[in-house]
Every structure is written in structure tokens, then in C-alpha cells.
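These notes are about the structure you will find just below.
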Amino acid sequence: MSFAYLQEQLFPLGNPPCRWHISGGWAIDLFLGRQTREHKDIDISLARQDQLLLQKSFPRSNFTCIENG
């Protein structure tokens with residue numbers, strides 16, 4: 001997964017119905033302004049009460065809920 005793929009997947013969303021943030025490895029790479037390694041997923045953090053709203057914005061995505069981790 002490349003930086004270009006990340007942009008292609010996330011930025012066409014326009015205004016999602018809730019606040020969300022990129023986390024994990026991509027967050028570090030975005031902070032650094034360069035890709036430091038190959039990524040196989042995109043980690044997104046959001047408030048628990050908003051999870052269903054955001055899932056509707058990504059209808060073709062596979063979500064895994066990580067709690068307390």
C-alpha cells in the first residue's frame with residue numbers, strides 16, 4: 001500500500017459524518033512526510049458512538065474493532 005493509495009482511499013470521502021483520525025503506522029509516516037515502510041492496512045481511530053456512521057462511509061471496507069489496545 002503506497003502513500004498515493006492512502007490518499008485515493010481517504011480523501012474522496014469529502015466530509016464524513018463524524019470526527020476520525022489516521023493512527024498507527026500511517027500516522028507516523030504522515031507526520032514525517034514520507035513513507036517509512038510498506039503498510040498492509042489503514043488504522044482509523046474514532047469515538048465509539050460514531051463507529052456505525054463511519055462504517056457507512058466506507059461500505060466496501062473490512063472493519064476490525066480493537067478495544068483497550
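The values are calculated or read from the model by the stated rules, or taken from the named source; none is laboratory data. What you see is a predicted model, and the numbers here were worked out from it, not measured in a lab. Every residue, glycine as well, gets a Cβ built from its backbone with ideal geometry; the counts of neighbours run over all protein chains shown. All accessible areas refer to the heavy atoms of the entire protein, side chains included, with ligands and DNA or RNA removed. Shrake-Rupley method; radii C 1.70, N 1.55, O 1.52, S 1.80 Å.
Condition (residue is modelled with pLDDT of 70 or more, of a type in the set (Ser, Thr, Tyr) and out of contact with any strand residue (DSSP E or B) (no Cβ under 9 Å at 6 or more places or on another chain)) applied to the range 27-38: is it met by at least one residue?
Among the residues of the range 27-38, at least one is modelled with pLDDT of 70 or more, of a type in the set (Ser, Thr, Tyr) and out of contact with any strand residue (DSSP E or B) (no Cβ under 9 Å at 6 or more places or on another chain), which makes the answer yes.
On the stretch given as the range 39-69, residues that are charged (D, E, K, R) and touching a strand residue (DSSP E or B) at 6+ places or on another chain (Cβ under 7 Å) total 1.
Screening the range 56-69 for residues that are under 18 Å from GLU8 (Cα atoms) and of a type in the set (Ser, Thr, Tyr) and picking the one that is most open to solvent (accessible area, probe 1.4 Å) gives SER61. The residue pairs whose first member lies in the range 24-52 and is within 17 Å of TYR5 (Cα to Cα), whose second member is exposed (fewer than 12 other Cβ atoms within 10 Å of the Cβ) and at pLDDT 90 or above, and whose beta carbons are closer than 6 Å, counting only pairs six or more residues apart or on different chains, are ASP29/THR36. In the range 48-55 there is at least one residue that is hydrophobic (A, V, I, L, M, F, W, C) and open to solvent by less than 60 Å² (accessible area, probe 1.4 Å). I'd like the full set of residues that are surrounded by fewer than 13 Cβ atoms within 10 Å (Cβ to Cβ) and closer than 15 Å to GLN9 by Cα, limited to the range 21-47. Residues satisfying the conditions are HIS21, LYS40, ASP41.
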